[in-house]
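Okay, structure first, notes after.
The values are calculated or read from the model by the stated rules, or taken from the named source; none is laboratory data. Predicted model, so just to flag it, every value in this text is computed and none were measured. Reconstructed Cβ throughout: ideal geometry from the backbone, glycine too, with neighbour counts over all protein chains shown.
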């Protein structure tokens, strides 16, 4: 009797082929699978997938190249590129359901029926029983999002790619809010504190707020979670100096809000907003899968609108909590078209349908995985000693700069402080690293230590 071929095994092959939009030979597919499948077995499985019309093949023998067949049903996670619409608009690849929703939310606003907050939408979601992401998609994202290496403390991977993550997520999340800073202007703002000429000061503030919020998530990775403290503090950081009422930063809203471009009207009763907010957090906390957890908050935090403003920004950074804590590739929304993201959010608001936003999320996460895989390869392996003492090194360097110590004062202070707080076995190397970091500080890297340009310039005079 022929051996039964598992659908899970076939799914892995399909996902491997999907990584090669121009087609892949059997050697490339085998390599993508980690050479875990014997060549003859792989040939037999590929032939079966061609027979099932899930793959197409061009060429013969060793020249054979395999591609996904159009409409292969293994989830949007495997669709690798932006699609160009006939009218020139860039978009993400869409499932049939996503395309249907895009057409609906693009109708003139006068043709769409006004709706309010639907309590059942949240009530009917049961963690670990209800899933917005299929098992196949969750597995695929896990395969793409987990970098090589064993178990490490929460936030370790985010620290390895921190400088790139800080710029990417700050810029892309701000861009999705209509911020007009370019990527290079964002880099100069974050690294040198230089605001772009001719830009609104609120745009610079928005980006700097993202920087502070990302630092909070990474620096306190082991302590953050889906709880009131984390989410309210995220809001306070992201909304700092941007709200008409400064007291509204980090607080549940007590006033009605409207949302432009949609017929959706959020809840207005403060007690009910509070109740639903706690319910969203409780359900998010119960979800075991990090990708389902991330997508759940991307859906329900903006839908509830628990704060007066900045709700979508809070949801985008909140979606990174399970990624940072679990040492997965972060979600920085690289290359995500703003119109695709907004269409997905509006479909949630007006229809309680998640398929379009799900297509955006899956494509965006895969894009981020490719980004940070390349970044990590260019960085090499980090020094475990520096990772162990990262927070303390930052503390020492920033203190020396902000206190304006000269070289003699710094050497004495570092030695005394290290004698109190660093074990004898590590002390000499620790002191060497701190002194080396101080000697290597320049305007292009002070962002690593959360230092302002004025602080650095003032200290540099003393250091000389």
Scan region 328-336 and give yes if some residue there is on the phi > 0 side of the Ramachandran plot, in contact (Cβ under 8 Å) with a residue 60 or more places away in the chain, crowded, with 18+ Cβ neighbours inside 10 Å and under 17 Å from the mean Cα position of the chain (by Cα), otherwise no.
-> yes
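Can you work out which of the residues in region 24-39 that are part of a loop (DSSP other than H, G, I, E, B) and closer than 20 Å to residue 60 by Cα is modelled with the lowest pLDDT?
Of everything passing the filter in region 24-39, 38 is modelled with the lowest pLDDT.
A quick yes/no check of all residues on (1) part of a loop (DSSP other than H, G, I, E, B); (2) farther than 21 Å from residue 366 by Cβ; (3) at pLDDT below 70:
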site	(1), (2), (3)
4	yes, yes, yes
22	yes, no, no
41	no, yes, no
57	no, yes, no
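Considering only region 43-54, state which residues are assigned to a loop (DSSP other than H, G, I, E, B) and in contact (Cβ under 8 Å) with a residue 12 or more places away in the chain.
53, 54
Looking at this structure, is residue 158 part of a helix (DSSP H, G or I), surrounded by 14 or more Cβ atoms within 10 Å (Cβ to Cβ), assigned by TED's automatic domain parsing to the domain that holds residue 316 and modelled with pLDDT under 85? So that I can check it myself, show each step before the final result.
On the way: part of a helix (DSSP H, G or I): yes; surrounded by 14 or more Cβ atoms within 10 Å (Cβ to Cβ): yes; assigned by TED's automatic domain parsing to the domain that holds residue 316: yes; modelled with pLDDT under 85: yes.
It is true that residue 158 is part of a helix (DSSP H, G or I), surrounded by 14 or more Cβ atoms within 10 Å (Cβ to Cβ), assigned by TED's automatic domain parsing to the domain that holds residue 316 and modelled with pLDDT under 85.
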Hey, any hits in region 276-286 for a residue that's over 23 Å from residue 361 (Cα atoms) and surrounded by 18 or more Cβ atoms within 10 Å (Cβ to Cβ)?
-> yes
Filter pass, residue 448 being outside the structural domain of residue 221 (by TED's automatic domain parsing), within 21 Å of residue 216 (Cβ to Cβ) and under 31 Å from the mean Cα position of the chain (by Cα) | yes
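Residue by residue, here is whether (1) in contact (Cβ under 8 Å) with a residue 60 or more places away in the chain; (2) in the same structural domain as residue 328 (by TED's automatic domain parsing); (3) farther than 25 Å from residue 277 by Cα; (4) in a helix (DSSP H, G or I) holds:
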site: 191; (1), (2), (3), (4): yes, yes, yes, yes
site: 194; (1), (2), (3), (4): yes, yes, yes, no
site: 197; (1), (2), (3), (4): no, yes, yes, no
site: 202; (1), (2), (3), (4): no, yes, yes, yes
site: 218; (1), (2), (3), (4): yes, yes, no, yes
site: 236; (1), (2), (3), (4): no, yes, no, yes
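To keep it simple, each residue is scored yes or no on (1) exposed (fewer than 14 other Cβ atoms within 10 Å of the Cβ); (2) at pLDDT 95 or above.
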residue: 210; (1), (2): no, yes
residue: 215; (1), (2): no, no
residue: 222; (1), (2): yes, no
residue: 226; (1), (2): no, yes
residue: 232; (1), (2): no, yes
residue: 235; (1), (2): no, yes
residue: 244; (1), (2): yes, no
residue: 247; (1), (2): yes, no
residue: 257; (1), (2): no, no
Single unsatisfied condition, residue 319 versus (1) within 30 Å of residue 254 (Cβ to Cβ); (2) free of Cβ contacts under 8 Å to residues at least 24 places away in the same chain | (2)
The residue from 133, 169, 122 that alone is in contact with a helix residue (DSSP H, G or I) (Cβ under 8 Å, 6 or more places away or on another chain), at pLDDT 90 or above and part of a loop (DSSP other than H, G, I, E, B) is 133
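Name the single residue, out of those in region 259-275 being part of a loop (DSSP other than H, G, I, E, B) and touching a helix residue (DSSP H, G or I) at 6+ places or on another chain (Cβ under 8 Å), that is surrounded by the most Cβ atoms within 10 Å (Cβ to Cβ).
Let us first name the residues in region 259-275 that are part of a loop (DSSP other than H, G, I, E, B), namely 259-263, 266-269.
Restricting the remaining residues to those that are touching a helix residue (DSSP H, G or I) at 6+ places or on another chain (Cβ under 8 Å) gives 259, 261-263, 266-267.
Numbers: 259: 16, 261: 11, 262: 18, 263: 16, 266: 19, 267: 22.
This residue is 267.
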Residue tally, condition under 26 Å from the mean Cα position of the chain (by Cα) and over 14 Å from residue 116 (Cα atoms), over region 254-270 | 2
